[in-house]
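What follows is a single structure, written as structure tokens, with notes after it.
The values are calculated or read from the model by the stated rules, or taken from the named source; none is laboratory data. These figures come from a predicted structure and were not determined experimentally. Note that each Cβ is placed from the backbone with ideal geometry, even for glycine, and that neighbours are counted across all protein chains shown. Protein only, heavy atoms only, side chains kept; ligands, DNA and RNA dropped before computing areas. Shrake-Rupley method; radii C 1.70, N 1.55, O 1.52, S 1.80 Å.
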Amino acid sequence: METGAPLPAPAVPPCNCFALRSAARQATQFYDRHLAACGLRATQFSVLANLSRGGPLAISELAARMAMDRTTTGRALRPLEREGLVRIGPGRDGRTRALDLTEAGRQRLREAVPLWQAAQRDFETLYGAEQAGELRAALARVRQIG
């Protein structure tokens, strides 16, 4: 085998997946900072908000609404259940589990909404309100290709 200079790395164009994931991490951290005062993370806020709009829900229904797999959704629910914010009980049949907000969960969501609204406002101030609307529309289209 011949030794010599290493082969150059292949040219790789900018990666859409990396751009989306890094932007999502930055946005999550931005919202996490705003929500920290009420003890919730952005994902937890989303779980509570989804349950407030449509609960009780089966874990698979919540996972589908949040574009998450069931395992990841289950991991996201554990701390919320431990804190008494979400109740996991029997579902429509013996094979499913239903999720619902507890009164403590509703109260935490009420505390979190003004913080989330501030995050929305600050994001739109920094990014631009019109651009934020266009971004949400573009990301909705991205979700459709999955």
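Applying the set (1) of a type in the set (Ser, Thr, Tyr); (2) closer than 15 Å to residue 106 by Cβ; (3) crowded, with 18+ Cβ neighbours inside 10 Å to residue 52 leaves exactly one unmet item: (3). Tell me whether the stretch 121-144 contains one or more residues that are open to solvent by less than 60 Å² (accessible area, probe 1.4 Å), under 15 Å from residue 40 (Cβ atoms), part of a helix (DSSP H, G or I) and of a type outside the set (Gly, Ala, Ser). Within the stretch 121-144, not a single residue is open to solvent by less than 60 Å² (accessible area, probe 1.4 Å), under 15 Å from residue 40 (Cβ atoms), part of a helix (DSSP H, G or I) and of a type outside the set (Gly, Ala, Ser).
Residues that are modelled with pLDDT under 90, over 13 Å from the mean Cα position of the chain (by Cα) and open to solvent by 80 Å² or more (accessible area, probe 1.4 Å) occur in the stretch 61-71; there is at least one. In the stretch 2-49, the residue that is surrounded by the fewest Cβ atoms within 10 Å (Cβ to Cβ) out of those that are without any contact (Cβ under 8 Å) to a residue 12 or more places away in the chain and among the polar types (S, T, N, Q) is 3.
Across the stretch 73-104, the qualifying residues are those that are at pLDDT below 90 and of a type in the set (Lys, Arg), and the one among them that is surrounded by the most Cβ atoms within 10 Å (Cβ to Cβ) is 97.
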